[in-house]
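Below: one structure, written as structure tokens.
The values are calculated or read from the model by the stated rules, or taken from the named source; none is laboratory data. Computed from a prediction, not measured in an experiment: that's the story for all the values here. Counting neighbours? That spans all protein chains shown, and the Cβs are built from the backbone with ideal geometry, glycine included.
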Amino acid sequence: MNSLKFSLQVCALVVLCGSGLGLVSLQSGCAATPTKESTGEFVDDSTITAKVKAAFIHDEVVKAFDVSVETFKGTVQLSGFVDTAAQRSRAVQLARGIKGVRDVENKITVK
């Protein structure tokens, strides 16, 4: 039964690699390179990005639509324009508080 479960997991991984994610080719075996994420890293980074954006939406200081969030291999890059230094600092603080974030690159500009 364990071999069947393993086979199903491998099949699911192959389907993910070749499906709509399309960012990883089957030829790479879903492996990461210095400039490409593995399928697992892509999913993890997408989750981190969503959690950071959600934190911004629920925060009274940060204007969520003024700050862009991108994540690559656990590093969150924040960019955009805010009205105050307090908004800029708060965005970084919120991003750092998300589980899985390894580093935050702050490229937010105060207007």
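Structural remarks
- Selected residue [at pLDDT 95 or above, surrounded by fewer than 13 Cβ atoms within 10 Å (Cβ to Cβ) and assigned to a helix (DSSP H, G or I)] from Ala54, Ala86, Ala95: Ala86
- Tally of residues being free of Cβ contacts under 8 Å to residues at least 12 places away in the same chain and not small (Gly, Ala, Ser) across segment 54-95: 5
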